[in-house]
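Below is one structure, written out as structure tokens, with a few remarks after it.
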Amino acid sequence: MTQPQTILKTILITGCSSGIGYATALELKNRGHKVVASARKEEDVARLQQEGFIAVQLDLADSKSIQKAVKKALELTDNQIDVLFNNSGFGQPGAVEDLSRETLRFQFETNVFGTQELTNLLIPVMRKQGHGRIIYNSSILGLVAMTYRGAYNASKYALEGLADTLRLELHGSNISVSLIEPGPIMSNFRQNSFDLYNKNIATDSFHKDTYKAMEERLQKEGAAVAFTLPAKAVADKVVHAVESKCPKIRYYVTFPTYLFAFLKRILPASWLDNLLRRV
Ligand SMILES: NC(=O)c1ccc[n+]([C@@H]2O[C@H](COP(=O)([O-])OP(=O)(O)OC[C@H]3O[C@@H](n4cnc5c(N)ncnc54)[C@H](OP(=O)(O)O)[C@@H]3O)[C@@H](O)[C@H]2O)c1
């Protein structure tokens, strides 16, 4: 029996310099799709191009860069972007009471405002071509909160709200909206978080003693917690969201995501808090 042919698509991905973005770009390219891999730094764009990707520079914290990247991506793809994978993001650690207004804004500029600005520039393109898929890389921390991750938690909760609303508003447009919910994944994420912790969180914090455990976790080589998966595990879910006839609304990745999504549905809020305080 012959297998149904995969329809090859044009896919713009943010944050392809490393981790999940890179693994997903590679996987989709190997499956024959036309991938426009974007990265924030010029040197990463050059490296991706050397590796055979169509690559554009895109910094989500900068509106001009977003507009320029969209223009360039459309030129490179004959004005057709079938799928947008909003992958880029980082996690600013620190207790909520230690987050300055600037630090919170900095977190939101990339994870939320830039991501949605990019998405809003591509929705008219998708409407015009009569189809599209928008995939947001959220997190287990878009579903439940954990201590010292308030800025990141808030940014992913915000993404969940935008994505859920957008899906209702796009009903009937033939543009789908999916959310990927990874738990712990091997990438540069912790190293980047550690740098941001050092840069933006004051050392005289009330929490300075408990921060020591967090510093250890952020600097640990290899997987820092149980059930950590490679970035390819996320890429596999994105492949489904890109290729399946019926993309899902939410894709859980890693055991902790399945577990906490389930517990959130069944436990009273105070019991869930009790559990999350110990994680
Ligand atoms: N790793 C995990 O455990 C985990 C779990 C759940 C969800 N996630 C989500 O997965 C996504 C990818 O993270 P990752 O784990 O692959 O970490 P990563 O290796 O640190 O990759 C993050 C990517 O985002 C890019 N980025 C950061 N700021 C940007 C900006 N202003 N404009 C454009 N790109 C920017 C980074 O570019 P630079 O290299 O230039 O900084 C990098 O390419 C994030 O949205 C993250 O929240 C990760």
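Quick note: the coordinates plus some simple rules give every number you see, no bench work behind them. As the structure is a computational prediction, the values presented were derived from the model and not from experiment. Don't worry about glycine lacking a Cβ; one is built from the backbone with ideal geometry, like all the others, and counts go over all protein chains shown.
Which residues, taken from region 1-42, are more than 14 Å from N87 (Cβ to Cβ), assigned to a loop (DSSP other than H, G, I, E, B) and within 16 Å of the ligand (Cβ to nearest atom)?
In the first step, residues of region 1-42 are kept if they are more than 14 Å from N87 (Cβ to Cβ); the result is 1-10, 29-34, 41-42.
From what's left, assigned to a loop (DSSP other than H, G, I, E, B): 1-9, 31-33, 41.
Result: K41, single match.
Which of the residues belonging to region 201-220 are within 16 Å of the ligand (Cβ to nearest atom) and not in a helix (DSSP H, G or I)?
The answer is K220, and nothing else.
Across region 135-155, what is the number of residues that are farther than 14 Å from Y252 by Cβ, part of a helix (DSSP H, G or I) and within 12 Å of the ligand (Cβ to nearest atom)?
Number of matching residues: 4.
From the list V83, V70, V96, V56, which one is closer than 18 Å to A23 by Cα, out of contact with any Ser or Thr (no Cβ under 7 Å at 6 or more places or on another chain) and not aromatic (F, W, Y)?
Numbers: V70 fails: closer than 18 Å to A23 by Cα; V96 fails: closer than 18 Å to A23 by Cα; V56 fails: out of contact with any Ser or Thr (no Cβ under 7 Å at 6 or more places or on another chain).
On inspection, the qualifying residue turns out to be V83.
Out of the residues in region 176-222 meeting the condition of being surrounded by 14 or more Cβ atoms within 10 Å (Cβ to Cβ) and of a type in the set (G, A, S), tell me which one is farthest from V112 (Cα to Cα).
It comes out as S205.
One line per residue, one yes/no per condition, for (1) within 23 Å of S100 (Cβ to Cβ); (2) within 14 Å of the ligand (Cβ to nearest atom); (3) part of a helix (DSSP H, G or I); (4) among the charged types (D, E, K, R):
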{"position": "N192", "(1), (2), (3), (4)": "yes, yes, yes, no"}
{"position": "K199", "(1), (2), (3), (4)": "yes, yes, yes, yes"}
{"position": "V225", "(1), (2), (3), (4)": "no, yes, no, no"}
{"position": "P247", "(1), (2), (3), (4)": "no, no, no, no"}
{"position": "L259", "(1), (2), (3), (4)": "no, no, yes, no"}
{"position": "S270", "(1), (2), (3), (4)": "no, no, yes, no"}
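Of all residues being within 13 Å of the ligand (Cβ to nearest atom) and farther than 21 Å from K29 by Cα in region 43-67, which is nearest to the chain's Cα centre (by Cα)? Just the residue, please.
L60
Could you tell me whether G161 is on the phi > 0 side of the Ramachandran plot and away from the ligand (no atom under 14 Å from the Cβ)?
Numbers: on the phi > 0 side of the Ramachandran plot: no; away from the ligand (no atom under 14 Å from the Cβ): yes.
Answer is no for this residue.
Of all residues in region 27-64, which are of a type in the set (S, T, Y) and either surrounded by 18 or more Cβ atoms within 10 Å (Cβ to Cβ) or at positive phi (or both)? Give the steps one after another, and end with the answer.
So the first thing to find is which residues in region 27-64 are of a type in the set (S, T, Y), and the list is 38, 63.
Across region 27-64, the qualifying residue is only S38.
Could you run through region 224-279 and say how many residues are among the acidic types (D, E) and either closer than 11 Å to P184 by Cβ or loosely packed, with under 14 Cβ neighbours inside 10 Å (or both)? Before the answer, list the steps.
Kept after step one, since they are among the acidic types (D, E), are these residues of region 224-279: 236, 243, 273.
Still in the running and either closer than 11 Å to P184 by Cβ or loosely packed, with under 14 Cβ neighbours inside 10 Å (or both): 273.
Residues flagged as among the acidic types (D, E) and either closer than 11 Å to P184 by Cβ or loosely packed, with under 14 Cβ neighbours inside 10 Å (or both) within region 224-279 amount to 1.
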